[in-house]
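Working notes, structure below.
The values are calculated or read from the model by the stated rules, or taken from the named source; none is laboratory data. All of these numbers come straight from a predicted model, not from anything done at the bench. Methodologically, a virtual Cβ is constructed for each residue, glycine included, from the backbone with ideal geometry; neighbour enumeration extends over all protein chains shown. SASA here: full protein model, heavy atoms, side chains in, ligands and nucleic acids out. Shrake-Rupley method; radii C 1.70, N 1.55, O 1.52, S 1.80 Å.
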Amino acid sequence: MSVAAILLAAGSGERLGASVPKAFVELDGRSLLEHVVLTLHDHDPPLGILVVVPGDIDDRLTPGAFRATDQDMVISKTGGPTRQASVASGLEAVADLWRPDIVICHDVARPLAPRWLFADVLAAVKDADGAVPAIPVTDTIKRVDDDRVTETLERDQLVAVQTPQAFRFEALRDAHERAERDGVEATDDAALLERAGYRVVIVPGDPHNIKITRPEDLRMASFLRGLDD
Ligand code: CTP
Ligand code: MG
């Protein structure tokens, strides 16, 4: 089973408000991208890693990410205007480079994703088309229309989903092509497989695998890293 990972690093990080794109912002002395690359160092099975970065990235930003790795890693300056477009361009590159059986999509905005979580989604996708990490929701979630509550959702049926997400390569490609054809835009890849009728399963996520969105998330991530040491 050949596996490739697409690392999504092409967002601008508008809500973080840093002077460089979010993937190149530092957390405890290393860029978010470098944290992810180190996590995947010497991965078993071996991974082809494709990093999707913005087309106009300053080349001085990228070398640091690749210091400590011997993986087959390629930088692709093909980031699109949306996450979905960045994944689609990454898929084309991965098809040309490795044509893997399985592809893992991971947001570099989640620099704390542990190695075991990559292993868990890879194990689970063997019996499915997609496998995603999920965390039970503890808040009560309501549907609203402006400031009026219209519905309270059944919490037992809700989970919050993270990356890394693993997919059968052909299923992910097909799901992306269909979405493009239908003009559908989603915030994760699993949603595109779901609407195309593919089977996506969940594995237990990691509560520490937070997404860096705003400046305070960097402080929280640093704190969580301290706990894990
Ligand atoms: N991403 C991407 N290409 C885009 C937009 C997002 O590769 N056009 C990636 C980001 O780099 C990130 C992940 O998708 O790893 C999740 O996106 P998000 O957290 O929204 O990051 P940004 O889009 O960079 O942040 P913001 O929305 O605040 O600008
Ligand atoms: Mg965004």
- Rounded, prolate or oblate: which one fits the stretch 13-139, using the alpha carbon gyration tensor with axes a ≥ b ≥ c (rounded when a/c is under 1.5, else prolate when a/b beats b/c, else oblate)? rounded
- Which percent of the accessible heavy-atom area of the stretch 1-116 goes to carbon and sulfur, probe 1.4 angstrom? 48 percent
- Note on the structure: accessible surface per residue for the stretch 133-229, probe 1.4 Å, DNA/RNA/ligands not counted, whole Å² -> 64 Å²
- Taking only Cα atoms and a 10 Å spring cutoff, compute GNM fluctuations for the chain and point out the largest among S31, S19, S86. S19
- Task: Can you spot the lysines whose alpha carbon is less than 30 Å from K126's alpha carbon? Ignore those fewer than 8 places along the same chain.
- Result: K211
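Rounded if a/c is under 1.5, else prolate if a/b is larger than b/c, else oblate: which is the stretch 1-56, with a ≥ b ≥ c the root eigenvalues of its Cα gyration tensor? Write out the running numbers ahead of the final one.
Details: a/c = 3.58, a/b = 1.76, b/c = 2.03.
Oblate shape, in that a/c is at least 1.5 and b/c is the bigger or equal ratio.
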- Message: If R₀ is 45 angstrom, what is the calculated FRET efficiency for the pair D56 and D145, using the beta carbon separation as r and rounding to 0.05?
- Response: 0.70
- Message: Multiplying the sequence separation of V201 and D28 by 0.36 nm and subtracting their Cα-Cα distance, what value in nm do you get?
- Response: 58.9 nm
- Item | Protection-proxy order for peptides 128-139, 159-170, each taking the mean of Cβ atoms within 10 Å per residue, highest first | 159-170, 128-139
- Query: Considering the chain as a Gaussian network with a 10 Å cut-off on Cα pairs, which listed residue, G80, G11, G29, attains the greatest mean-square fluctuation?
  - Reply: G29
- Query: What shape does the chain take by its C-alpha gyration tensor, where a ≥ b ≥ c are the square roots of the eigenvalues and a/c under 1.5 counts as rounded, a/b above b/c as prolate, and the rest as oblate?
  - Reply: rounded
